[in-house]
Each structure stands twice: as structure tokens, then as C-alpha cells.
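Only one structure is covered here, and it is reproduced in the block below.
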Amino acid sequence: MAHFKPRVFSGVQPTGNLHLGNYLGAITKFVALQETHECIYCVVDLHAITVPQNPKELRASIREVTAAFLAAGIDAKKHIVFNQSQVAEHAELAWVLNCVARLGWLNRMTQFKEKAGKDRENVSVGLYDYPVLMAADILVYRATHVPVGEDQKQHLELARDIAQKFNLDYGEEIDALGHGEAFFPLPEPLIQGPATRVMSLRDGTKKMSKSDTSDNSRINLSDDAEAIAQKIRKAKTDPEPLPSEIEGLAQRPEADNLVGIFAALDNRTKADVLRTFGGGNFSTFKSALIDLTVARLAPIGAAMTELKRDQAYIDGVLAEGAARARAIAQETMKSVKDIVGFVR
Ligand code: TYM
């Protein structure tokens, strides 16, 4: 696998508000990787319509996520920022990969089971096929590294299985066409640090999520200082003081979550945070967490508001990013067509 050029790809769905989980689990990683890698960041609107969307709100959300990327520090000139539906090759490769992926593999996807719930017969075919499109997103750029939160781990494993099966099924052709022993790299998930799974502020056993009906369960990137302070003050805790050692966080999901958020926002480890706050009560810790969260998020919220005023600018960034993404994706698709045996 040595011949693949390191390249980062990741995506965020334009559905509802971006929250602290998206920010710490994904977007801060996107920003950091720009220093060392060529990066492609995508607003995955094709994924969004796997569940019903209001078209007006979808359009606004695509621009909102783009503004969040830019406000957080993603450099759309040096790297690529675009929305998925502008590059038709994602859907085109997804079809080919649909014919590689096995039904049994998709049947094991836990996120589908959670999202479909009891209404399994009534959800869209797209929702079921969602992880194959995700594999196509990554593989159409032959990306090697994918920064994501913990909840995407299984989807990444599926993308690796699909890549490997394609390489094996078409091995002879891949070799004959001069691509060496493998056409697709096996993309590596990057899931590291203290906040790979940020939990709800109301229930430390539930993931912080856009779809939670309680807005108090999450901190949105667009929340102002007052809203952030209120939500953290109201965040669920337990009656014990904070432990001084990391082992003391076991069986204390709310404490563990808040300490993890602090650590991630302050670029420290949880152990280090506990060295500062261990033995103290939650109210002192929460005050410090409020200050830290506001200091980190308020400038991003302000920059997002500013950027969203200039819709033409945002749309220009997306169009330009899409043109550059398309050039790479088209090259991949030419090879895929040759490998599979299509005439072009
Ligand atoms: P999405 O839009 O649900 O979430 C975007 C990113 O945020 C991470 N995330 C979290 N991280 C920590 N704690 C949380 N509570 C939390 N909630 C969300 C997600 O793990 C993700 O990294 N299927 C993907 C989008 C996608 C994609 C891709 C990602 C489509 N194609 C290709 C990588 C590569 C999704 O729905 O993410």
C-alpha cells in the first residue's frame, strides 16, 4: 500500500445545527491536519436527503456548514471545500461500489438499525445504502486518512472492506492496467483524543446529537455566550466532587464527559485537567468550562454570522472547490471504468 499519496477526506452532513460534538470530534481535527496533509472537506448533501429535508432549509444548512468550516480555520484556497452534489462522481462510484459491497455487510450497520428503528420498512433505500455512498466519497479521491468521531468507526471499516474487495475482485485488471497490486488504498480512520464521542449534557450515556429534541443537550456552534453559560450551568452532574485520578471517572458518565470536553477545548489530557480540578466541586469547574468554551466558540460563531451575510462568497467557495474536487474524481472514475470493463 506504500504507493498511495497521503490524502485526507472527511464529510459533515448539512442537517440542523452543528454542535460541540461535531466541532471536537471532527472539525478541530480537520483544521489541524491542514498543516501536514492535502485535505478535502465535503458538505455531504447527498447523505442529508436519505431522510426527509425541507429544500429551503437544506440550502441554508449547506451554506451554514461551509461557513462553519471557514470560520473554524479551514483554508479553502490551500485545501478543498465543496458540497457533494456538485461532483457527480460520488454517486457514480457509489453505484459501482454497490455492486461490490455485500448485503450481509450492510445488514450489520448499527447506525442504520438505530436510525430506522421500528419503521424499517418505511425508510428510504438511500438510508440503507448510506455507508456505500460514504465509501465512494472517500475512495473517489483515493484518500488514505479520514478524521471522524467514534460513531463513524463502523462505516470506515466497511469502506476498507469495500476497497479491499474491489482490489481483489479486479486484481488482474488492476495489475494489467499498471496500478500495481491495489487500486484503492484502505482508508485509515483517525479517531483520537479526549472527545471522540461527546455526550449529551442532559444524559451522559447518550451521544450529543443534532436530532436530540432538547436543545439543552448540546452546545451549538451558533450559540452565544449567554446560551453556552446557561447550558453548561444546567448540565447534569453527580453529587461527588471531581476525582483527582482518571480512574475515578469510571461509572460517572457526566463527569467524564465534561472533563473530556474541557481537555479537548484546552488541548490537554483528561488526567491533566483532573490535576487542576480534582477534589473541587462542579460549580468551580463549570465556571472555568464556561469561560473556556465561550473563549473558543464565540469567535467562530461571530465569524460564521459574518460569512453568512455574503452568500455569493460562500457559493463561490463551493463552486471553486467542486471544480478542483471534480478534476481528481474524474481521473479516478476513468480508471474505475477501465478496470471494471466499461467502454468510454
Ligand atoms: P455527521 O454529519 O453526523 O457528523 C460529522 C462529524 O462529527 C462527528 N460527530 C461527533 N464526534 C464526537 N462526538 C459527537 N457527539 C459527535 N457527533 C458527530 C462525526 O463522527 C463526524 O465525523 N456519515 C458522516 C458524514 C460523511 C463522511 C463521509 C465522513 C459522509 N461521507 C466520508 C467521513 C468520510 C456523518 O453523518 O457525519
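Some values worked out for this structure:
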quantity: Residue under evaluation Lys5, criteria (1) farther than 28 Å from Ala182 by Cα; (2) in contact with a strand residue (DSSP E or B) (Cβ under 8 Å, 6 or more places away or on another chain); (3) more than 13 Å from the ligand (Cβ to nearest atom), criterion not met; calculated: (1)
quantity: Among (1) touching a helix residue (DSSP H, G or I) at 6+ places or on another chain (Cβ under 8 Å); (2) in a loop (DSSP other than H, G, I, E, B); (3) crowded, with 17+ Cβ neighbours inside 10 Å - the single one Ile261 does not satisfy; calculated: (2)
quantity: Qualifying residue in segment 10-20 (condition: without any contact (Cβ under 8 Å) to a residue 24 or more places away in the chain and among the small types (Gly, Ala, Ser)); calculated: no
quantity: Only listed residue being in a helix (DSSP H, G or I), touching a residue at least 40 places away in the same chain (Cβ under 8 Å) and not aromatic (Phe, Trp, Tyr), chosen from Ala116, Ala101, Ala60, Ala67; calculated: Ala67
quantity: Single residue of segment 98-140 satisfying the filter (over 28 Å from Ala327 (Cα atoms) and among the β-branched types (Val, Ile, Thr)) that is nearest to the ligand (Cβ to nearest atom); calculated: Thr110
quantity: Subset of segment 1-30 (residues that are surrounded by fewer than 17 Cβ atoms within 10 Å (Cβ to Cβ) and part of a helix (DSSP H, G or I)); calculated: none
quantity: Tally of residues being under 27 Å from Arg63 (Cβ atoms) and of a type in the set (Asp, Glu) across segment 209-267; calculated: 5
quantity: Yes/no for Ala176 being of a type outside the set (Lys, Arg) and buried (at least 20 other Cβ atoms within 10 Å of the Cβ); calculated: no
quantity: Qualifying residue in segment 219-227 (condition: more than 17 Å from Val294 (Cα to Cα), touching a residue at least 60 places away in the same chain (Cβ under 8 Å), within 16 Å of the ligand (Cβ to nearest atom) and touching a His at 6+ places or on another chain (Cβ under 9 Å)); calculated: no
quantity: Segment 313-334, residues that are of a type in the set (Ser, Thr, Tyr) and free of Cβ contacts under 8 Å to residues at least 12 places away in the same chain; calculated: Tyr313
quantity: Selection within segment 47-61 - among the β-branched types (Val, Ile, Thr) and within 12 Å of the ligand (Cβ to nearest atom); calculated: Thr50, Val51
quantity: Condition check for Thr36: part of a loop (DSSP other than H, G, I, E, B) and surrounded by fewer than 19 Cβ atoms within 10 Å (Cβ to Cβ); calculated: yes
quantity: Phe262 closer than 22 Å to Ile191 by Cβ and in contact (Cβ under 8 Å) with a residue 24 or more places away in the chain; calculated: yes
quantity: Enumeration of residues in segment 138-162 that are closer than 19 Å to Glu89 by Cβ and either in contact (Cβ under 8 Å) with a residue 40 or more places away in the chain or out of contact with any helix residue (DSSP H, G or I) (no Cβ under 6 Å at 6 or more places or on another chain) (or both); calculated: Ile138, Leu139, Val140, Tyr141, Arg142, Ala143, Thr144, Val146, Ile162
quantity: Residue within segment 169-183 that is at pLDDT 95 or above, within 16 Å of the ligand (Cβ to nearest atom) and out of contact with any helix residue (DSSP H, G or I) (no Cβ under 6 Å at 6 or more places or on another chain) present; calculated: no
quantity: Answer from Ala143, Ala195 - the residue that is within 14 Å of the ligand (Cβ to nearest atom), in contact with a Pro (Cβ under 6 Å, 6 or more places away or on another chain), under 30 Å from Gln84 (Cα atoms) and not aromatic (Phe, Trp, Tyr); calculated: Ala143
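Let's see how each residue does on (1) in contact with a strand residue (DSSP E or B) (Cβ under 6 Å, 6 or more places away or on another chain); (2) surrounded by 21 or more Cβ atoms within 10 Å (Cβ to Cβ); (3) among the acidic types (Asp, Glu); (4) farther than 17 Å from Val336 by Cβ:
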| residue | (1), (2), (3), (4) |
| --- | --- |
| Asn122 | no, no, no, yes |
| Leu127 | no, no, no, yes |
| Ala135 | no, yes, no, no |
| Gln152 | no, yes, no, yes |
| Ala159 | no, yes, no, no |
| Ile162 | no, yes, no, no |
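The values are calculated or read from the model by the stated rules, or taken from the named source; none is laboratory data. This structure is a prediction, so every number in the text was calculated from the model and none was measured. Using ideal geometry, Cβ is built from the backbone for each residue, glycine included, and neighbour counts are taken over all protein chains shown.
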